[in-house]
Amino acid sequence: MHPETRLLSVSAKLSLFTTELGDLIVRGHGRATAANLMLAYRQVVPLHNEWLEGFWCDDCQQTRWWHVQRHDRVRHTLRPVAPGLWQQAAGVIHPRGNPTVSDFSRRAARANGIHGLKQFGTI
Ligand SMILES: [Zn+2]
């Protein structure tokens with residue numbers, strides 16, 4: 001939204017997992033490979049190069065969570081976090097039925113950790 005503004009990461013990268021065959025197929029795996037992955041990982045497959053991360057924007061004066069997809073060392077895509085995705089993130093306590101946690105202060109994020117989870121660690 002503010003391409004000229006450098007975003008500041010204020011959270012850990014929350015790894016994503018899936019229990020759905022379809023999630024693997026839309027990411028380019030063939031059906032047989034996807035089925036093998038489900039089997040190999042006992043139905044909980046890590047989604048490589050994808051995570052949820054909170055970024056502070058100085059222009060917006062707020063932190064937003066983004067679904068990050070890494071394409072290579074430089075290129076990343078940031079999308080809004082689809083509501084169901086929170087349940088696929090490692091170690092996340094779902095924030096009281098409100099998946100779009102967008103407005104909390106930088107200070108609060110630093111003081112308490114995002115969602116009050118100390119282990120999220122802030123910069
Ligand atoms: Zn902004």
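The values are calculated or read from the model by the stated rules, or taken from the named source; none is laboratory data. Everything numeric in this text was worked out from a predicted model, so none of it was measured. Reconstructed Cβ throughout: ideal geometry from the backbone, glycine too, with neighbour counts over all protein chains shown.
For this structure, a couple of remarks:
- Matching residues, segment 1-33, being hydrophobic (A, V, I, L, M, F, W, C), surrounded by fewer than 12 Cβ atoms within 10 Å (Cβ to Cβ) and either on the phi > 0 side of the Ramachandran plot or part of a loop (DSSP other than H, G, I, E, B) (or both): MET1, VAL26
- Among the residues of segment 56-79, those that are surrounded by fewer than 15 Cβ atoms within 10 Å (Cβ to Cβ) and among the charged types (D, E, K, R) comprise ASP58, ASP59, ARG70, ASP72, ARG73, ARG75, ARG79.
- Test: residue in segment 64-82 that is among the small types (Gly, Ala, Ser) and at pLDDT 90 or above: yes
- Residue in segment 1-41 that is nearest to the ligand (Cβ to nearest atom), counting only those that are touching a residue at least 60 places away in the same chain (Cβ under 8 Å) and among the aliphatic types (A, V, I, L, M): LEU8
- Contacts under 6 angstrom Cβ, first residue in segment 51-69 being of a type in the set (Lys, Arg), partner outside any strand (DSSP E or B), 6 or more apart: ARG64/SER102
- Any hit, segment 44-53, residues being within 16 Å of the ligand (Cβ to nearest atom) and under 19 Å from PRO83 (Cα atoms): yes
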